[in-house]
1. Of all residues being in a loop (DSSP other than H, G, I, E, B) and hydrophobic (A, V, I, L, M, F, W, C) in the range 237-255, which is nearest to Met82 (Cα to Cα)? Just the residue, please.
2. Exactly one condition in (1) of a type outside the set (A, V, I, L, M, F, W, C); (2) over 20 Å from the mean Cα position of the chain (by Cα); (3) not in a loop (DSSP other than H, G, I, E, B) is not met by Asp95; state its number.
3. Quick one: count up the residues across the range 148-202 that are in a strand (DSSP E or B) and over 21 Å from the mean Cα position of the chain (by Cα).
4. Those residues that are surrounded by fewer than 24 Cβ atoms within 10 Å (Cβ to Cβ), over 15 Å from Asp269 (Cβ atoms) and in contact with a helix residue (DSSP H, G or I) (Cβ under 8 Å, 6 or more places away or on another chain), I need them from the range 182-196; list them, please.
5. Working only within the range 250-280, note down all residues that are among the charged types (D, E, K, R) and under 18 Å from Gly49 (Cα atoms).
6. If only one of Gly67, Gly25, Gly38, Gly63 is farther than 23 Å from Ala265 by Cα and of a type in the set (Gly, Ala, Ser), which one is it?
7. Determine, yes or no, whether Asn90 is at pLDDT 90 or above, closer than 30 Å to Ser167 by Cβ, surrounded by 12 or more Cβ atoms within 10 Å (Cβ to Cβ) and out of contact with any His (no Cβ under 9 Å at 6 or more places or on another chain).
Amino acid sequence: MDDLKVEAETLPLEERPLQVLVIAGSARRLDGCPGMDGKARFLMHRMLGRLPARWQVDAVDIGNEHGKPKIQGCNGCVGSSMALCVWPCNCYGPDSDHQPDLIWNEKLYQRLARADAWAIIGPVWWYGPSTNLKAMFDRLVCMSGGNPRPDLIDKKSTLKAQALEKSPLWKELTRNHLEGRSAAFFCYGNEGGNELDDDRRPHVLRHKEWFDPAQEPYQGNERLAYQGLVWQCRYGGIEVPDQLWRHASVGVGRPYADDQPDDMAKEPDAMVCFDGWVDAFVEHVTRKGVVPGTTEAERGAQSTT
């Protein structure tokens, strides 16, 4: 029996499968206003069908479902002290009846910590990401240097947090809690649809001389609409290779009514761009391999509220 035990202990352990999280960041949902799913949900399911079967794939839609909690706003604790910004965020908690929060109810901190890589899909709204994605990343400020020991500041004492931040102990506590993971971003937009004149000024604008369209943001590089999210990840130790940050134009020159998910599916350039992004994601994540310490990170992402 002892010989069998020794032999068993020398056998190599089976390597765990790669774990990824796919996030659909459109606000639109079928079971709420406006009663139609957004393109992000369509693309999320298209991606799920292209990922390797051996992977453990998690997916979440943060859209505005009727009766479902929304992502609560960041309270800017870090502006008072980095040590007041707790990892994971303790301004809110799961299953609250007075401040229900989608991040906690969906266990997003734990799911982000568990994954080796994230794939984030969303629209361009007024030169930036959707409200839902922006709110989620605002609440992820705590992943970069946030305080993992709220007990040292009586949960939320500003004065104790400021003292802790200036103490030698703080250098031992602060760190990027999700460092080492990868993130990929795919955004899409109609670049004004059918609302613009040939000079890229809106049809309904009365005083067209008030701005110069040549100064419009991005000038053909619309992926920059997500640059804030990308660079937040990069500064937090999350790897975002340039080839995993892409944009596709869809519905250009068409009314919004003709720019729905089924219309997007018929745009070959957009679908080739998206499928190429998915393939690049698979290649990068496979080559990089598993991220060590995800089990411990998931355990550390539990609510302290």
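The values are calculated or read from the model by the stated rules, or taken from the named source; none is laboratory data. Bear in mind the structure is a predicted one, so any value in this text is a computation, not a measurement. Positions of Cβ are generated from backbone atoms using ideal geometry, with glycine treated the same way; all protein chains shown enter the neighbour counts.
1. In this case the residue turns out to be Ile238.
2. (3)
3. Total satisfying the criteria: 2.
4. Ser182, Gly193
5. Residues satisfying the conditions are Asp262, Lys266, Asp275, Asp279.
6. Only one candidate passes the filter, namely Gly67.
7. For Asn90, the condition - at pLDDT 90 or above, closer than 30 Å to Ser167 by Cβ, surrounded by 12 or more Cβ atoms within 10 Å (Cβ to Cβ) and out of contact with any His (no Cβ under 9 Å at 6 or more places or on another chain) - is met.
So that you can scan it fast, the table gives a plain yes or no per residue for (1) acidic (Asp, Glu); (2) surrounded by 13 or more Cβ atoms within 10 Å (Cβ to Cβ); (3) at pLDDT 95 or above; (4) over 19 Å from the mean Cα position of the chain (by Cα):
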{"position": "His247", "(1), (2), (3), (4)": "no, yes, yes, no"}
{"position": "Tyr256", "(1), (2), (3), (4)": "no, no, no, yes"}
{"position": "Asp262", "(1), (2), (3), (4)": "yes, no, no, yes"}
{"position": "Met271", "(1), (2), (3), (4)": "no, yes, yes, yes"}
{"position": "Trp277", "(1), (2), (3), (4)": "no, yes, yes, no"}
{"position": "Pro292", "(1), (2), (3), (4)": "no, no, no, yes"}
{"position": "Arg299", "(1), (2), (3), (4)": "no, no, no, yes"}
{"position": "Ser303", "(1), (2), (3), (4)": "no, yes, no, yes"}
